[in-house]
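For reference, the structure is listed below as structure tokens.
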């Protein structure tokens, strides 16, 4: 089993997350509404270079106040014993080996958690406690598996919006494992809520829970929805 895992601080990756959040809408969410007024003023509508000129000094000051490197070390110690179980759950659900050699969590000061499935990167909001981070890890690693094993096959079968709906909506199938582990529950984006309820019914209705069949039926189910 892959147990290569780390929590890191990277100021430029944090700045990128803030800049992206203040300049885009995704999954029906205007992320800029989570930003403080001074961040909006200096980042929204700015180029990446312009935004970084303000963001990097801003974040350096914030990191000092937070003692963020100490926080990263603390989370590393708390999460490392949990990570093998995270991988076990993902492999059991998807019925496929977890394919990445390394997974890295980057702490971010903005309440948005994007990911890079090819590099195994996940951005984690620094205010999250251990259980919330476990929840987020499961969520994102399920995305990683879906990208790796199904993206090529589904490329010509679903639209971009349908792909996003399946990917995000299916995370509710994690609830069975989360209930007795972290106490958290998957809450999908509001745009996908109705579809996610149907996805969960589909998952619970499968006695054998073959993940390949589940994905194939989710593809048929998503065609009944409009996510625009």
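Values quoted throughout were computed directly from the atomic coordinates according to the rules given, and no laboratory measurement underlies them. No experiment lies behind these values; they were computed from the predicted model shown. Ideal geometry is used to build each Cβ from the backbone, glycine not excepted, and the neighbour counts take in all protein chains shown.
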query: What is the packing order of peptides 71-79, 193-201, taking the mean over residues of other C-beta atoms within 10 Å and listing the highest first?
result: 193-201, 71-79
field: Likely footprinting exposure, 212, 152, fewest C-beta neighbours within 10 Å first
entry: 152, 212
field: Computed Rg/Rh of segment 1-118, alpha carbon atoms with Kirkwood Rh
entry: 1.04
task: Take every Cα-Cα distance within segment 130-175, group them into 5 Å bins from 0 onward, and report for each bin the whole-number percent of pairs it holds.
output: 5, 21, 29, 23, 12, 7, 3, 1
query: What residues from segment 36-50 fall in the zone where the backbone N is under 18 Å from a label point 7 Å along the Cα-to-C-beta line of residue 60?
result: 49-50
message: With the crude spin-label approximation of a point 7 Å out along Cα→Cβ, what separation in nm comes out for residue 27 versus residue 157?
response: 2.3
message: With viscosity set to 1.567 mPa s at 4 °C, what whole-number translational diffusion coefficient in µm²/s follows for segment 5-222 from Stokes-Einstein and a Kirkwood radius over Cα pairs?
response: 70
Equivalent-ellipsoid semi-axes of segment 63-151, from the Cα gyration tensor, Å, largest first: 24, 14, 10
message: Given contacts defined as C-alpha pairs under 8 Å and at least six residues apart, what's the relative contact order of segment 5-222, whole-number percent?
response: 20
message: What whole-number volume per residue, in cubic angstrom, does the convex hull of the C-alpha atoms of segment 57-110 give?
response: 101
